[in-house]
Amino acid sequence: MRTTTLFAALLFAVSPVRAAGLDRSPLNPGEDRHSGASAPLDGFVVKTDGRTVYFDLGSESGLLPHSIYDLSSLGDALKHPVTGESLGADVKPLGRVEILSVEEKYSTASPAQRELALPAAGTKIRLALSERRAVPAAAESSPAAGDKEGAVRETLARSPMLPIEAVDISIGDVDGDGSEDTVLAGPREVAAFGSDWKLKCRYEDSSTAGRFMSVESADVDGDGKAEIFAVANNKFFKRLETFVLDCADGKMTRRVSLPYTVRSFHDGSGLSVLGTQSVDVDGEYLGSDIFRLGYADGKYAKIGERIRHKRLEWIYGFGFTLRGDAPVLISYSKTDRIRIFFKKGSWSTPEKYGQTAERLTVRERELRFSPRLIIEQGGSGLAGVYTLRNIPRFFQMAAAFGQYSRAELHYLRWNGLALEPIWRGDLGGYAAGIAERPESLLVAVVGADGNSSVWSFSK
């Protein structure tokens, strides 16, 4: 079955940089050929998400991770009113940004100045090096190169124990202060914590028939603050719905309820996006088609074409990568294996991953709210995946009831034939969810007393 998705336009379209004829020679990327100094780099904004901006400047551009750049927007070309001579583009300085990461085909950055308003997607920009910084040691080594197969990786940091029994975790600047916050969802509450792990805002569901199943954080409406999308199982009305929550002035309030689930996934371009799926708990069908989530005219809505793949049924625990010019589906199977669906045939891991205690049985079918499957995209396609493994409390028998006592974070590298284990991080309790930063991973770990801690690992 032919795979045609809404990603096709993004994945196969001609780059606006190439279309504009901008010079990015791979021989000396980002370097002035005459002076040897770093020359300004022109590109486009691909996406702005909260306080993170994505540029279409990849590893060949010469961008320096963690360095500070002067960011400007480029307007129309100026022409001399008499001679008609081109005087160059209209350059408007915006402020300074710090480059967070440089991937194969794109890079990410955040404001180095609190008052900087990030440009919108499609804006033509120019970056000029302002302050060169050394790359931190943790970012210099990649999992594929720096770890021996089967190595145990230590945590970068662990938060104090937080008074919430986490079911999921997400990351986003929920109050617009310029720093990312950690959002945890519990069965009946959602709480946002700052970088100092102090509570910023909290929401408690006052209904008696609801339970939160997952949480996402993203600036979909473009106001500079990430909305919180908390998916709830409403047992009274027999439906899955999403609460859109706002954090302001120390309070978390519900803006609107959406009649569908919201979950992030990798779309094959290296970016993580939000998808939606309606679930009919008490009707003739189970799950509807999956679409992208957008915002227009003051409302959230499904946008673009439906995300198609004959093996894709459930919005939790999947993503896409590229193989040549075709998107390839990667997902958790019903038996907790990671399965890759090629154009012809498929491959599965022999080990089990992605176990979760968050489940819902609908008409004799079990829906599992699996943790995110984080896909690493390389220059030639799939590079690897980050995944969780929860270990049953009483051997395998307890897995059927969602009872887990400890867990592991795993990095599996794609070697062209299979996903091979490279490193793992041992976790001291049940792993409720995983969230991704450009250079690190956060895992919500639930202890035996019901409190949770957030553990971070370098990629």
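The values are calculated or read from the model by the stated rules, or taken from the named source; none is laboratory data. Since the structure is predicted, the reported quantities are computational estimates derived from the model, not experimental observations. Neighbour counts run over all protein chains shown; Cβ positions are idealised from the backbone, glycine included. Calculation scope for accessible area: heavy atoms of the full protein, side chains included, ligands and nucleic acids excluded. Shrake-Rupley method; radii C 1.70, N 1.55, O 1.52, S 1.80 Å.
Worth pointing out:
- Carbon and sulfur %, accessible surface of region 347-447 computed with the full protein complex present, 1.4 Å: 53 percent
- Between residue 406 and residue 152, the contour length at 0.36 nm per residue exceeds the alpha carbon distance by 89.9 nm.
- Percent accessible area from carbon and sulfur atoms, region 181-270, protein chains only, probe 1.4 Å: 48 percent
- In region 82-128, the GluC sites (Glu not before Pro) that fall in loop regions by DSSP, at most 15 other Cβ within 10 Å: 85, 104, 115
- As a calculated quantity, the FRET efficiency between residue 426 and residue 130 at R0 = 35 Å, using C-beta atoms, amounts to about 0.30.
- Modelled FRET efficiency - R0 41 Å, residue 199 with residue 347, Cβ distances, 0.05 increments: 0.40
- Residues of region 174-212 with an amide N closer than 13 Å to a point placed 7 Å from the Cα of residue 255 along the Cα-to-Cβ direction: 174-176.
- Net charge of Cβ neighbours under 10 Å - reference residue 307; Lys, Arg +1; Asp, Glu -1: 0
- Ordered by solvent-accessible area of protein heavy atoms (1.4 Å probe), largest first, the residues 47, 352 come out as 352, 47.
- The residues neighbouring residue 426, those whose beta-carbon lies less than 10 Å from its own, together hold a net charge of +1 under the Lys/Arg +1, Asp/Glu -1 convention.
- Region 149-193, accessible area per residue, ligands and nucleic acids excluded (1.4 Å, Å²): 37 Å²
- Among the listed pairs 343/459; 238/310; 92/198; 47/198, those beyond 32 Å (Cα-Cα): 92/198
- At R0 = 35 Å, FRET efficiency that the Cβ-Cβ distance of residue 417 and residue 364 yields, to 0.05: 0.40
- Positive contributions from Lys and Arg (+1) and negative ones from Asp and Glu (-1), summed over other residues with Cβ under 10 Å from the Cβ of residue 351, come out at +2.
- 181, 249, 325, ranked by accessible area, largest first (probe 1.4 Å): 249, 325, 181
- A cut-off of 5 Å between modelled amide H atoms, ignoring neighbours fewer than 5 places along the same chain, links residue 437 with 442.
- Relative intensity, log₁₀ I(q)/I(0), of region 188-266 from a Debye sum that treats every alpha carbon as a point, q = 0.15, 0.19, 0.25 Å⁻¹: -0.52, -0.82, -1.28
- Region 351-383-region 44-113 distance, computed between alpha-carbon centres (Å): 36 Å
- Length gained when the stretch residue 90-residue 78 is fully extended (0.36 nm per residue, less Cα-Cα span): 3.7 nm
- Built amide H within the under 5 Å cut-off of residue 89, gap 5+: 78
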